[in-house]
Amino acid sequence: MATPTDHLGFIIGPSSVEYNEKISQRQQRWSKFLMSKGCYFSDSVPARWPSKSKQMRLLVRKGVPRAWRGSFWIHCLHADKQLRQNPGYFDSLTKSLPKEISDAIEKDLHRTFPDNVHFQDPQVGVDSIKLHQLRMVLHAYALHNPKVGYCQSLNFLSAMLLLHMEPENAFWCLVSICDHFLPHVHEVTLHGLVELQNQLETRLRQNLPSLYGSGHSQTLLLPTTSWFMSLFITTFPPETTIRLWDLIFYEGPRMVLIVAEHIFRLLLPIEGGDPFQIVQNEPRTWPPEYVLKGLERGGMEKLKGGLRGREWVRQLRKK
């Protein structure tokens with residue numbers, strides 16, 4: 001008997017049934033809102049999205065309709081603009097890669113969402129459609145940005161995007177995430193990642209001093225490498241991750257720090273076990289509503305002082 005999977009091809013988790021019951025109602029609310037803003041639909045998907053507003057922010061926190069999510073992410077990441085300005089660019093990125101980069105990509109292809117039906121080979125020696133598309137996107141990005149080339153986590157970012165959109169759109173979203181949204185985080189030096197971790201450490205010292213009194217502060221930060229590089233894909237169940245991506249892409253880079261701090265807030269007090277294992281494993285069981293309700297109750301306002309999203313990104317780009 002085949003294992004039941006959700007709309008994205010992941011094994012169904014315990015929170016899926018409850019969430020499925022809310023989808024239709026939320027899509028109706030979205031439709032009414034978009035029509036009130038004069039937005040029209042093309043092939044049942046919004047042809048354009050309205051500018052930011054308090055009402056739209058509330059809807060985003062409740063979840064973007066599944067059928068529209070790819071279009072929404074493309075809009076938030078300005079990938080549609082990049083595509084229009086660079087017609088044919090993605091298809092032109094076909095020349096050979098250095099062997100070490102192409103080998104690294106090939107090695108990670110089959111490690112990407114191994115339990116997802118779309119990334120499993122239909123037969124030995126034959127790639128699935130999504131695996132073929134994943135190879136295309138990673139190859140193109142490595143040629144587009146030689147400073148990064150390929151590193152682990154790009155496979156997960158690209159694969160999640162491909163579950164919501166076509167390869168060319170996924171490529172431009174990946175460009176936006178790695179080159180503009182979180183610059184230098186995926187480069188060999190990782191200095192963007194280190195800067196982001198330093199920002200988080202400052203926030204934790206200010207807002208969660210008991211965490212730093214535990215003697216485990218440096219150990220607790222170790223899992224944040226994968227949090228930031230994969231944008232929480234390996235941190236939470238898939239449905240939780242994509243709901244957070246809705247919010248992160250809508251609000252901008254500052255939300256990455258807010259979500260990371262929020263994880264520690266939900267984990268406190270960390271006791272009764274190996275702190276690293278607790279931070280690494282506990283969030284993998286958290287359903288969307290558990291994480292997002294905490295953000296709604298004030299998490300958005302916790303990040304005060306320090307470098308705000310745009311300023312932080314601007315400084316990183318100078319380095």
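What follows is calculated from the coordinates using simple rules that are stated; it is not laboratory data. This is a predicted model, so every value here is computed, not measured. All Cβ positions, even for glycine, are placed from backbone atoms using ideal geometry, and neighbour counts span all protein chains on display.
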Query raised in the report: Cβ under 11 Å from W49's Cβ, W49 left aside: what net charge do those residues give with Lys, Arg +1 and Asp, Glu -1?
Result: +2
Report task. Once you have the Cα-Cα distance between T225 and Q28, take 0.36 nm times their residue separation minus that, and quote the gain in nm to one decimal. Result -> 67.1 nm
Query raised in the report: What residue among I177, P114, I129 has its Cα farthest toward the positive end of the dipole of the stretch 89-181, where the charges are +1 on Lys, Arg and -1 on Asp, Glu, each on the Cβ?
Result: I177
Report task. Between F276 and K107, with labels modelled 7 Å along Cα→Cβ, what's the label distance in nm to one decimal, could you check? Result -> 2.1 nm
Report task. Express in nm, to one decimal, how much length is gained between N86 and H7 on full extension, taking 0.36 nm for each residue of separation and deducting their alpha carbon distance. Result -> 25.3 nm
Requested in this report: Report the full-extension gain for the segment Q123 to T189: residue separation times 0.36 nm, less the Cα-Cα distance, to one decimal in nm.
Outcome: 19.9 nm
Query - Packing-based exposure ordering (other Cβ within 10 Å, fewest first) of S36, S128, S44 - result: S44, S36, S128
Query - Set K52/K95; K37/K81; K62/K130; K22/K107; K62/K95 screened for pairs whose C-alpha atoms are more than 31 Å apart - result: K52/K95; K22/K107; K62/K95
Report summary line: The exposure ranking of E166, E187, E251, fewest beta-carbon neighbours within 10 Å first, is E166, E187, E251
Report task. For every other residue with a beta carbon closer than 14 angstrom to the beta carbon of H110, add +1 if it is Lys or Arg and -1 if Asp or Glu, then tell me the sum. Result -> -2
